[in-house]
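Undergrad: The structure is given below, and queries will be raised subsequently.
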Amino acid sequence: MQIKETHLKGCFIIEPIVFKDERGYFFESFNQAKFKELTGENIHFVQDNESMSSRGVLRGLHLQTRRHQQAKLVRVIKGAVLDVCVDLRKNSISFGKHFSVKLSEENKKQLFVPRGFAHGFVVLEDDTIFSYKCDNYYNKASESGIIYNDTILNIDWQIPENQLILSERDTKLPTFKNFNFEN
């Protein structure tokens, strides 16, 4: 496995070594010892989640607050997404900056999103299956986020806004400027 840190401190792209032959392929999607050795992060995942979405669905930008913050290891099993994370750690050198990467069933890349980040993705292909591991349990009362089209963040979601499919909740999230960073 190859791990590269992004320009956001603590946020890593993981590229597995894929073994292919006439039968198909095999790869190790996670190895805790290798992950710790290459990132310095001692992660213990406790929850796996999966979603299936159509092209144009945008989920985000989400996070859990306070003691329910979550680090995530995300990947695509089928299809493709543009995955985005935003550093909301006030004392970070990359505070307020975002990173995006295409994750797909073809490139098999994964993204590690540390605690203190907002995370979201837009689906680029129909019937995309997105999977992620979390190092803390989901807590509804700790849900938070930032509106996807925030003008300060200025994220290019690579799909025209009139083609995006959003939940009602995601259209009512606060702006970066109005986000409560004390959570």
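The values are calculated or read from the model by the stated rules, or taken from the named source; none is laboratory data. All values derive from a computational prediction rather than experimental measurement. Reconstructed Cβ throughout: ideal geometry from the backbone, glycine too, with neighbour counts over all protein chains shown.
Undergrad: Please go through region 140-149 and give me each residue that is surrounded by 14 or more Cβ atoms within 10 Å (Cβ to Cβ) and either among the hydrophobic types (A, V, I, L, M, F, W, C) or not in a strand (DSSP E or B) (or both), ordered by number.
TA: Restricting attention to region 140-149, the residues satisfying the condition of being surrounded by 14 or more Cβ atoms within 10 Å (Cβ to Cβ) are 142-149.
Once the filter is applied, which keeps residues that are surrounded by 14 or more Cβ atoms within 10 Å (Cβ to Cβ) and either among the hydrophobic types (A, V, I, L, M, F, W, C) or not in a strand (DSSP E or B) (or both), region 140-149 yields Ser142, Ile146, Ile147, Tyr148, Asn149.
Undergrad: Continuing with this model, one more query. May I ask you to list the residues in region 155-178 that are within 19 Å of the chain's Cα centre (by Cα) and either under 21 Å from Val101 (Cα atoms) or surrounded by 16 or more Cβ atoms within 10 Å (Cβ to Cβ) (or both)?
TA: Those that are within 19 Å of the chain's Cα centre (by Cα) and either under 21 Å from Val101 (Cα atoms) or surrounded by 16 or more Cβ atoms within 10 Å (Cβ to Cβ) (or both): Ile155, Asp156, Trp157, Gln158, Ile159, Leu164, Ile165, Leu166, Asp170, Leu173, Phe176.
Undergrad: Could you check how many residues of region 7-23 are assigned to a loop (DSSP other than H, G, I, E, B), of a type outside the set (Lys, Arg) and either in contact with a helix residue (DSSP H, G or I) (Cβ under 7 Å, 6 or more places away or on another chain) or over 13 Å from His98 (Cα atoms) (or both)? Break it down stepwise before answering.
TA: Taking region 7-23 and keeping what is assigned to a loop (DSSP other than H, G, I, E, B), we get 7-11, 16-18, 22-23.
Now restrict to residues that are of a type outside the set (Lys, Arg): 7-8, 10-11, 16-18, 22.
Going one step further and asking which of them are either in contact with a helix residue (DSSP H, G or I) (Cβ under 7 Å, 6 or more places away or on another chain) or over 13 Å from His98 (Cα atoms) (or both), we end up with 16-18, 22.
Residues flagged as assigned to a loop (DSSP other than H, G, I, E, B), of a type outside the set (Lys, Arg) and either in contact with a helix residue (DSSP H, G or I) (Cβ under 7 Å, 6 or more places away or on another chain) or over 13 Å from His98 (Cα atoms) (or both) within region 7-23 amount to 4.
Undergrad: Pull up region 1-58, narrow it to residues that are in contact with a strand residue (DSSP E or B) (Cβ under 6 Å, 6 or more places away or on another chain) and among the basic types (Lys, Arg), then point me to the one that is farthest from Asp135 (Cα to Cα).
TA: Among those that are in contact with a strand residue (DSSP E or B) (Cβ under 6 Å, 6 or more places away or on another chain) and among the basic types (Lys, Arg), it is Arg55.
Undergrad: Any idea how many residues of region 46-86 are within 26 Å of Gln163 (Cβ to Cβ) and in contact with a helix residue (DSSP H, G or I) (Cβ under 9 Å, 6 or more places away or on another chain)?
TA: Total meeting the criteria: 8.
Undergrad: Determine whether Glu37 is over 20 Å from the mean Cα position of the chain (by Cα), of a type outside the set (Gly, Ala, Ser) and modelled with pLDDT under 95.
TA: Taking the combined requirement at face value, the residue satisfies it.
Undergrad: From Ile152, Ile129, which residue is surrounded by fewer than 17 Cβ atoms within 10 Å (Cβ to Cβ) and assigned to a strand (DSSP E or B)? Break it down into steps so the answer makes sense when it comes.
TA: Numbers: Ile152 fails: assigned to a strand (DSSP E or B).
Answer to the check: Ile129.
Undergrad: Let me ask something else about it. Is it true that Ala80 is over 10 Å from the mean Cα position of the chain (by Cα) and among the small types (Gly, Ala, Ser)?
TA: On the way: over 10 Å from the mean Cα position of the chain (by Cα): yes; among the small types (Gly, Ala, Ser): yes.
Judged against the criteria, Ala80 is a match.
Undergrad: With respect to Asn136, is the statement that it is modelled with pLDDT of 95 or more and loosely packed, with under 10 Cβ neighbours inside 10 Å true?
TA: Values: modelled with pLDDT of 95 or more: yes; loosely packed, with under 10 Cβ neighbours inside 10 Å: no.
Considered against the rule, which asks whether it is modelled with pLDDT of 95 or more and loosely packed, with under 10 Cβ neighbours inside 10 Å, Asn136 comes out as no.
Undergrad: If you don't mind, another one. Of all residues in region 157-179, count the ones that are touching a residue at least 40 places away in the same chain (Cβ under 8 Å) and within 12 Å of Ser144 (Cα to Cα). Show your work before the answer.
TA: Here is the first cut: in region 157-179, the ones touching a residue at least 40 places away in the same chain (Cβ under 8 Å) are 157-159, 163-167, 170, 173, 176, 179.
Now narrow it down to the ones that are within 12 Å of Ser144 (Cα to Cα): 170, 173, 176, 179.
Final tally of qualifying residues: 4.
Undergrad: Which one of Lys72, Lys78, Lys90, Lys97 is surrounded by 17 or more Cβ atoms within 10 Å (Cβ to Cβ) and either farther than 24 Å from Phe30 by Cα or not aliphatic (A, V, I, L, M) (or both)?
TA: Values: Lys78 fails: surrounded by 17 or more Cβ atoms within 10 Å (Cβ to Cβ); Lys90 fails: surrounded by 17 or more Cβ atoms within 10 Å (Cβ to Cβ); Lys97 fails: surrounded by 17 or more Cβ atoms within 10 Å (Cβ to Cβ).
Lys72 is the lone residue from the list that is surrounded by 17 or more Cβ atoms within 10 Å (Cβ to Cβ) and either farther than 24 Å from Phe30 by Cα or not aliphatic (A, V, I, L, M) (or both).
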